[in-house]
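Taking it in order: structure first as structure tokens, then the write-up.
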Amino acid sequence: MSAFNRLHLIRQVDLLTLRLFLSAVEEKQIGLAAIRENVSASTATKRIHDLEAIAGIELLDRGPRGVLPTPAGAVLARHVRKIFGSLEDIRSEIAAFTEGMQGDLTIASARSIFAPFLARELGEFYRQYPQVRLIVHEIENKEILQEIARGEADLGVFAAAHELDLTGVDVTPYRRDRIVVALPRGHRFADRLSVTFAELLPEPLIAVGPMAGAFRAAARRLGEEFEPAFSVRSGEVALSLVQAGLGVAAQPECMVPREFLDRVAVVELAEPWAERKIHLATAAGRRPGPACRALIEQLLDRPVDEPPLATS
């Protein structure tokens, strides 16, 4: 291939070609990228070949199962995402002058954060900006950061953890809460102010969603193995099992409805990792659009005190 020519790239590559290339990277198949961008497969293939010729280097590794970006292709994909992000910023900022705040705003968050923190905030935001269409993706921490880095969501709200990859995102502290332990009334720890994970490990522990990973990591640090008595997706289901005397559950304090306080005992989990630090994430190096900035400003305008127990 010929050497890279910056002027050729600027003069000869159009936005559709860049969109096709990025779609091929994300879909891992040129045919699926063509469908996504509503062009023929032959057109997509030719445009991407032409792009490689202009760049002077192969941008995709082609195999029987699809395509993957080469190192150069990964660099180009990162910059192309920024280009389309900037174009969307231009569109939304100009629209804000002529049409008021409007457009789509996609928020990615876990349920344990959305329910106690974001639902009310988004309600207030929608009442202030009714022309902004709010789209919520309820996913777990790892997927939240991936969506933000890929530009599939505008704002992510996630709980910090050592194993999370923050590549491609900018992070801003938002809130804090803590993990507490729910015990059956009459349990030997029910009158304690706190318990350690080592004390809980012999108990029939109920794992709620991603808490199972935290339990396994904590058990490994103690040289033990963790096997949950029950694995459930809902904190309310876990509390019902606790109330029935089938085990103990650790989960964010903000996810314990007040009506359960008469049915189960709640004590603190005395571990450094029991404090949850909740952060906001946006795409690295990219200025959020007007609607996203307005929501971030609203979220950060609230006190960062530890939240009360859930009200419902």
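The values are calculated or read from the model by the stated rules, or taken from the named source; none is laboratory data. Fair warning: this is a prediction, and the values are worked out from it, not measured in the lab. Reconstructed Cβ throughout: ideal geometry from the backbone, glycine too, with neighbour counts over all protein chains shown. Areas reflect the complete protein model, heavy atoms only, side chains present, ligands, DNA and RNA absent. Shrake-Rupley method; radii C 1.70, N 1.55, O 1.52, S 1.80 Å.
Data for the structure
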item: Cut-off 14 Å between beta-carbons: net charge of the residues surrounding Trp273, Lys and Arg +1, Asp and Glu -1; result: +2
item: Under 5 Å, built H, 5+ apart or other chain: amide partners of Val136; result: Ile107
item: Residue-span extension gain [Ser194 to Ala217] - 0.36 nm each, minus C-alpha spacing; result: 6.3 nm
item: Extension gain, Glu275 back to Arg287 (0.36 nm per residue minus Cα-Cα distance, nm); result: 1.3 nm
item: Sorted peptide list for 101-113, 275-287, criterion being average Cβ within 10 angstrom, highest first; result: 101-113, 275-287
item: Mean residue ellipticity (222 nm) of the chain, computed from DSSP H runs ≥ 4 via -39,500 (n - 2.57), nearest 500; result: -12500 deg cm²/dmol
item: Angle in degrees between helix 119-128 and the longest Cα principal axis of the chain, rounded to the nearest 10; result: 50 degrees
item: Rounded percent of accessible protein surface that carbon and sulfur make up, the chain, 1.4 Å probe; result: 52 percent
item: Helix 290-300 axis, angle to the chain major axis (alpha carbon atoms, nearest 10°); result: 20 degrees
item: Under 12 Å, Cβ to Cβ, from Gly213 - net charge with Lys/Arg +1 and Asp/Glu -1; result: +1
item: Long-range lysine pairs (8 or more apart or interchain), the chain, Cα under 28 Å; result: 6
item: Calculated from backbone phi, Karplus (6.51, -1.76, 1.60) coupling profile of the range 130-137 in Hz, x at Gly/Pro; result: x, 8, 8, 8, 8, 10, 10, 9
item: Largest-first ordering by accessible area, 1.4 Å probe, given options Lys82, Lys46; result: Lys46, Lys82
item: The chain: radius of gyration and largest Cα-Cα distance (Dmax), Å; result: 24.1, 77
item: Accessible surface of Asp165 - all protein chains present, 1.4 Å probe, nearest 10 Å²; result: 100 Å²
item: Between 0 and 90°, nearest 10: helix 15-27 axis offset from the chain longest Cα axis; result: 40 degrees
item: Per-pair calculated FRET efficiency, R0 = 45 Å: Glu163 and Leu15 via Cβ, rounded to 0.05; result: 0.75
item: Peptides 290-299, 130-139, 229-238 ordered by average Cβ neighbours within 10 Å, highest first; result: 290-299, 229-238, 130-139
